[in-house]
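**Q** Mind having a look at this structure? Questions to follow.
The values are calculated or read from the model by the stated rules, or taken from the named source; none is laboratory data. Just so we're clear, the structure is a prediction, and the values are computed from it rather than from any experiment. Heads up, the Cβs are rebuilt from the backbone with ideal geometry, glycines too, and the neighbour counts pull from every protein chain shown. Only protein heavy atoms, including side chains, enter the accessible area calculation; ligands, DNA and RNA are left aside. Shrake-Rupley method; radii C 1.70, N 1.55, O 1.52, S 1.80 Å.
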Amino acid sequence: MRIGLALPQLGLAATPRVIKRFAMDAEAAGFDSLWVHERLFNPQHQPRPDAPGQDLAPMELLSFAAAVTSKIRLGTSVITLGYHRPIMLAKQAATLDVLSEGRAILGIGLGLSKEEYRQSDVDFHTRGKRSAEFIHALRACWKTDPVEFRGDFFEIPPSATSPKPVQRNAAGEPAIPIIGGFSSKPGQRRTAELCDGWQTAGKDLETAMADYAEANRASQEDFGRGRLPCYWRVWAIPPFSKRTAPKQLGDRIVAYWMGSIEEMAEQVRAARDAGVDEVIMDSNRFLDDGTEDEWDRQVDGFSSLVRVAHGE
């Protein structure tokens, strides 16, 4: 099983120096990947209790990390499709793939903020249907020129688009792995049919694997696409952090990893044994009001989990 870390992205302690050291340390420690999320803004009439003082843009942050690393993969968890157009996101993702020499992973999702959709001039209520077409248009942009796409939401006239990704799919075409972070039942089928992996965030292992089982079944039985790789993103509270897990919301069981490194190692083993392909540990919401020193200590503190994940 692979294991990745979310880059420092939230809070004023996520400085260039901290991000550079974090990325370089993670690569040196053997972590497999670095990840970012996307939020546009925090409306003051709908304040989030955990809203950070700073939230860095995802693709720019990954490009910064690409410049100071050479092997570790770089992924989004997730880019919200409603804030983008296919031809623009295709160019951004392909540029990251070129600059990183083929290390990009594009995790995509729908988001939950109606206000952010309104700011993007996109209908919140058609986001599901729009996302399926978005994936087709995105892949079209990466193919050999001239590219063309016509659909209900997007239209790309015969065009030359660049750059093309460094990576190639099974057919030998330029492509970047697309990981579906869709949580609804239709979203699971969308992932099974159109994406290269399935991702969930904030769910306990039992719930996550139950959802994954259905998406994986659909991928193989309904769409004949083979096994769907499984990515599980969890909120990890570093052992040295004074923060505690927030109260659970309703009947949703949120996967907060906390306690000693030995206790987290047991969580990693459980994920590996359950069939998870990659665990993504995100500490941003517990260090967004922390210090640069706390970010500096995180990679070393979690490094022993690499051997556990890799089964060494």
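**Q** How large is the helix-only mean residue ellipticity at 222 nm for the chain, computed as the sum of -39500 (n - 2.57) over DSSP H runs with n ≥ 4, divided by its residue count, in deg cm²/dmol to the nearest 500?
**A** When only DSSP H runs of four or more count, the value is -11500 deg cm²/dmol.
**Q** Between Ala160 and Lys143, what length comes free when the chain is fully extended (0.36 nm per residue of separation minus the Cα-Cα distance, one decimal in nm)?
**A** Between Ala160 and Lys143, full extension yields 5.2 nm more.
**Q** Find out how many positive minus negative residues lie around Lys164, taking Lys and Arg as positive, Asp and Glu as negative, among other residues whose Cβ is under 12 Å from that of Lys164.
**A** In short, +1.
**Q** For segment 60-210, what relative contact order do you get, as a whole percent, if you take Cα pairs closer than 8 Å and at least 6 residues apart?
**A** Relative contact order, segment 60-210: 23 percent.
**Q** With each pseudo-label sitting 7 Å past Cα toward Cβ, what's the Thr207-Ala29 distance in nm, one decimal?
**A** Placing both labels 7 Å along Cα→Cβ, they lie 2.7 nm apart.
**Q** May I pose another question? What is the percent carbon and sulfur in the accessible area of the chain, measuring with a 1.4 Å probe over the protein chains and ignoring ligands?
**A** Using a 1.4 Å probe with all protein chains present, the chain comes out at 51 percent carbon and sulfur.
**Q** On to the next question. Quick check: the distance between the Cα centres of segment 63-82 and segment 221-245, to the nearest angstrom?
**A** Centre-to-centre (Cα) distance: 17 Å.
**Q** Would you please give the FRET efficiency between Ser260 and Phe41, computed as 1/(1 + (r/R0)^6) with r the Cβ-Cβ distance and R0 = 35 Å, to the nearest 0.05?
**A** 0.45
**Q** Any idea what the relative contact order of segment 196-236 is, in percent, if you count C-alpha pairs under 8 Å spaced at least 6 apart?
**A** 59 percent
**Q** What is the magnitude of the charge dipole of the chain about its Cα centre, with +1 placed on the Cβ of each Lys and Arg, -1 on the Cβ of each Asp and Glu, and no other charges, expressed in debye to the nearest 20?
**A** The dipole of the chain has a size of about 460 debye.
**Q** Here's something else I'd like to know. Quickly rank 108-121, 194-207 as a protection proxy: mean count of other C-beta atoms within 10 Å, highest first.
**A** Answer by packing, highest mean first, reads 194-207, 108-121.
**Q** Counting pairs of alpha carbon atoms under 8 Å apart in space and at least six apart in sequence, what relative contact order in percent does segment 73-136 give?
**A** Relative CO of segment 73-136 lands at 46 percent.
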